[in-house]
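Take a look at the structure below.
The values are calculated or read from the model by the stated rules, or taken from the named source; none is laboratory data. As the structure is a prediction and not an experimental result, all values here were calculated from the model. Because the Cβ atoms are built from the backbone with ideal geometry, glycine has one as well, and the counts that use them run over all protein chains shown. For accessibility, only protein heavy atoms count, side chains too; no ligands or nucleic acids. Shrake-Rupley method; radii C 1.70, N 1.55, O 1.52, S 1.80 Å.
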Amino acid sequence: MKRERLQHNFSEWFSDILRNADIMETRYPVKGLFVWLPHGLKLRNFVFAIMRGLLEQSGHQEVLFPQLIPENIFRKEAEHIRGFEGQVYWVTHGGRDKLDVKLALRPTSETSIYPIFALWIRSHADLPIKIYQIVNIFRYETKMTKPMIRLREVTTFKEAHTAHAKSEEAEAQVREAVNIYKRFFDELGVPYVVTKRPPWDTFAGAKYSLAFDTLAPDGRTLQIGTVHNLEQNFARVYGLKYEALGGKQHYVYQTCYGVSERVIAAVIMAHGDDVGLCLPPHVAPIQVVIVPIPFKGREVPVEQVATAIKNELAAAGLRVHLDERDLRPGNKFYYWERRGVPLRLEVGPEDVKKEQVTAVRRDTGEKQAIPRGVLKTKVKQLLEGVTGDLRERAWKLFHESIKEAPDTETIKRVIQKRGGIVRAPWCGGKACGEALKEQTGWDLLGEEFDGRAPAGDCPICSKRAKVSVLIARTY
RNA sequence: GGGGUCGUGGGGUAGCUUGGUCUAUCCUGUCGGCUUUGGGAGCCGGUGACUCGAGUUCGAAUCUCGACGACCCCA
């Protein structure tokens, strides 16, 4: 359906959706903190259930670490601190007493988890360790905050941390993480590019960082996932050593990777339209809504039929809701469309007479009659269809927003004009990267990961390009 | 990092320039009633607001300062 308002007035569209679809209450009186409403929280939980499933399948174990980190431990990794110092909330008092050692509200959990890893890791047999947790983190943002996108309390931060005996194993883990995230975003129908972040944008304390970016309707990219190879940086600081077969001590190699509630913003942006939310069936809190259409004076048992249909679909494992409110049907149609329910079933006197149900897809508005006998099968089919079509449409739009550009002027102009992502040739040098950023005025996402061979020369130094670089206006 | 705009019921707004019948307008929502129901029904009745603090003044939604919050632009 139409996506005009969404593209031209994205900010407004997004905040309207949060309210109209009961996703979030945005009026909490502290900057950058927001309240998850029941419908939004269900959506969040279904989204992260997919993530849990993928992580468990690949041998990750869920843990839960404390939220407070003592200052002295937090400050051990110098580079890490430099990256986060300005954004940390500190707990300085306990009741009326000033604390001797301040406590950091975790902005991320490396410094909380790794000292404990040091206690757990004794021998090569203890490795690898692959754990994850889904927690809240705090970052003191000074920029304009935005629900789900730029927060002072990120309420939903999935972070995984691994430790390995060998460097190659850490490299392999990075690959695994990338694949997990690809499957995650694919399941949600959220399109992405993967890049290796430039040196100045690498996670504080990492050897290198990979990142997933998607595109908001206003043409800016949104980072929705990161994967870091920490090598031995943290291991050396926190003393993560194991005894190898020969009896020698070695530092471990580590990786970490994270995804936050930004992914939910990405789902909303990828599939929504001017009417409102449009949710992929896998994560929709309600997958099918039934709207009965009664007529006074007609001797037709619309309500009974609607209830029977509801029970039938619920028994088939679908999340189904029967809307029995005393409102006119049209009102209910708009109500559920705004909330993104993927499929609506109408049951009226005509349907009852013909032993059928009228089905309407949220994404296309397409309407069709389904005979009662094949209802279960057909509804599941339709939902599968919605899932596939949403994913396809989102990727199509995304691909159309990626342009090739050979020189800085074109890069600058293309992004200025329509946003999106520009792919350009790059020698890979840091100085040229910085010059590209400087001269175009836009941000370097980084070197395209697993990208195809670039055509042409680096626009800065004119040497033969080694890689493709992706450039965009970022959130 | 720098600059700008703004804050009135649950949401959207009028009023502010020139302080005073502002007992604060309209739309929407919401609650009760009647009537209705294949795309946001109608009528009647009710509900509900000047962000907070300090100041100027006989008098502040309106003027001044501050805090908090929201939004936009540039780097």
The correct pair for chain A, radius of gyration to one decimal and Dmax as a whole number, both in Å and from Cα atoms, is 25.4, 88
Once the in-chain neighbours fewer than 8 apart are removed, the aspartates and glutamates whose Cα is under 20 Å from A:K166 read A:E110, A:D126, A:E176, A:E231, A:E243
One finds the C-alpha centres of region A:34-60 and region A:77-93 to be spaced, in Å, by 28 Å
Too long for a 26 Å Cα-Cα cut-off, among A:K353/A:K378; A:K130/A:K248; A:K207/A:K466; A:K396/A:K417; A:K158/A:K412, are A:K158/A:K412
Bounding extents of region A:402-472 in its principal axis frame from Cα atoms, largest first in Å, are 28, 22, 17
For chain A, averaging the sequence separation of alpha carbon pairs under 8 Å that lie six or more residues apart and dividing by its residue count, the contact order in percent is 14 percent
For region A:288-382, percent of DSSP beta bridges that are antiparallel (nearest 5) comes out at 55 percent
Result for region A:402-472: accessible area per residue, probe 1.4 angstrom, in square angstrom, of 51 Å²
From the Cα centre of region A:398-475 to that of region A:180-200, the distance in Å is 18 Å
The relative contact order of region A:84-159, taking Cα pairs under 8 Å that sit 6 or more residues apart, comes to a percentage of 28 percent
For region A:4-271, the Cα gyration tensor yields equivalent-ellipsoid semi-axes (√(5λ), largest first, whole Å) of 33, 23, 16
Cα-based Debye curve of region A:178-217 sampled at q = 0.27 Å⁻¹ gives log₁₀ I(q)/I(0) of -0.91
Answer in debye to the nearest 20: the dipole magnitude of region A:402-472 about its Cα centre, from +1 Lys/Arg and -1 Asp/Glu charges placed on Cβ, is 160 debye
Computed about the Cα centre, the charge dipole of chain A from +1 Lys/Arg and -1 Asp/Glu charges at the Cβ has a magnitude in debye, to the nearest 20, of 440 debye
With the charge dipole of chain A built from beta-carbon charges (+1 for Lys and Arg, -1 for Asp and Glu) about the Cα centre, the Cα from A:Y208, A:L151, A:P281 projecting farthest to the positive end belongs to A:L151
In units of 2.2 N^0.38 Å, the Cα radius of gyration of region A:258-340 is 1.34
When the charge dipole of chain A is computed with +1 on Lys and Arg Cβ and -1 on Asp and Glu Cβ about the Cα centre, the Cα farthest towards its positive end, among A:S11, A:A270, A:F138, belongs to A:S11
Taking every alpha carbon pair in region A:292-374 and sorting the distances into 10 angstrom bins from 0 up to the bin holding the longest one, the percent per bin comes out as 16, 53, 29, 1
Rounded to the nearest 5, the percent of DSSP beta bridges in chain A running antiparallel is 80 percent
With only helices counted (DSSP H, runs n ≥ 4, each -39500 (n - 2.57)), the per-residue ellipticity at 222 nm for chain A, to the nearest 500, works out to -11500 deg cm²/dmol
Carbon/sulfur accessible area of chain A, % of total, 1.4 Å probe, equals 49 percent
